[in-house]
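Here, each number is a calculation from the coordinates, and none is a lab measurement. Keep in mind the model is a prediction, meaning the values are calculated, not measured. Cβ sites come from the backbone with ideal geometry, for glycine too, and all protein chains shown count toward neighbours.
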Amino acid sequence: MRIIITGTPGTGKTKIAMQLAKRTGFELVDIKEFVNNNHIFKIEKGQKVVDIGTLGKNLLSHIKLFKDYIVEGHLACEFRIPADFVFVLRTNPKKLKARLAKRKYNKKKLEENMMAEMLDYCVQRVESVYGKGPLELDTSQRTVTNCVDEILKAIKERKKNLDSVDYSDDLKNYLRLRR
């Protein structure tokens, strides 16, 4: 079984993927960790910038070692990874803002990630890159354990849809307040 878990930073990907890996026994590949361990980045203006082409090539070589895996990271929507299921985790923008503020994200980065969530960026990228829609899971009001239960149920039942997530009203309000 090959599972991809992606979404905007702060949606719960890492914690959910870790618990899912424990429950399934599947190999967990954390993209951020993989990037750092393999130095697949350059520093531009004091920021790490990931080389997506190199990441894709190296990650694909690495996961060939495993029959069953979970690949977790927000960059998993940027290139095609062989997958039986692709999950995009979603979180209400207000809740996401609070989570990212706790992580001390600067204002620009926080707003970029909130905007990405409101614009369905990861969903749109998955549809474009993978050629099919992902299973969206709204983590806003769920515990990690409940999210893992939902993912396992979706896999067992071979679901084509989970949650219907639409933050367009949040986007309208956000843009109205910025005028």
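Projecting the Cα atoms of L65, F34, G131 onto the dipole axis of region 2-178, where Lys and Arg carry +1 and Asp and Glu carry -1 at the beta carbon, places F34 farthest toward the positive end. Taken one residue at a time, the phi angles of region 105-119 give Karplus couplings (6.51, -1.76, 1.60, θ = phi - 60°) of 5, 6, 4, 4, 5, 4, 5, 4, 6, 5, 5, 4, 5, 5, 8 Hz. Gly and Pro are set to x.
Within region 2-178, DSSP assigns beta bridges of which about 20% are antiparallel (rounded to the nearest 5). Extension gain, K22 to K153: 0.36 nm times the residue separation minus the Cα-Cα distance gives 45.6 nm.
Would you work out if region 28-103 is rounded, prolate or oblate? Take a ≥ b ≥ c from the square roots of the eigenvalues of the alpha-carbon gyration tensor; rounded if a/c is under 1.5, else prolate when a/b is larger than b/c, oblate otherwise. The shape class here is oblate. Oblate is the label for region 125-167. Its Cα gyration tensor axes, ordered a ≥ b ≥ c, give a/c of at least 1.5 and b/c at or above a/b. Summing Lys and Arg as +1 and Asp and Glu as -1 over all other residues whose Cβ lies under 14 Å from the Cβ of L59 gives a net charge of -1. Amide H to amide H, with H built 1.01 Å from N, V71 comes under 5 Å of I3, I4, I5, V29, counting only residues 5 or more places away or on other chains.
Note on K153: aspartates and glutamates with a C-alpha under 18 Å away, same-chain residues under 8 apart excluded, are D68, D84, E136, D138, D163.
Of K132/K160; K48/K95; K102/K160; K15/K57; K32/K94; K42/K97, which ones are farther than 22 Å apart at the Cα? Beyond 22 Å between Cα atoms: K48/K95; K102/K160; K15/K57; K32/K94; K42/K97.
Taking the chain as a Gaussian network of alpha-carbon nodes connected by springs under 10 Å, the highest mean-square fluctuation of the residues E127, E44, E112 belongs to E44.
Close amide H partners of V165, meaning residues 5 or more places away or on another chain with modelled amide H under 5 Å apart, do not exist here. Taking the helices alone, the chain has a mean residue ellipticity at 222 nm of -14500 deg cm²/dmol, built from -39,500 (n - 2.57) per DSSP H run of at least 4 residues and averaged over all its residues.
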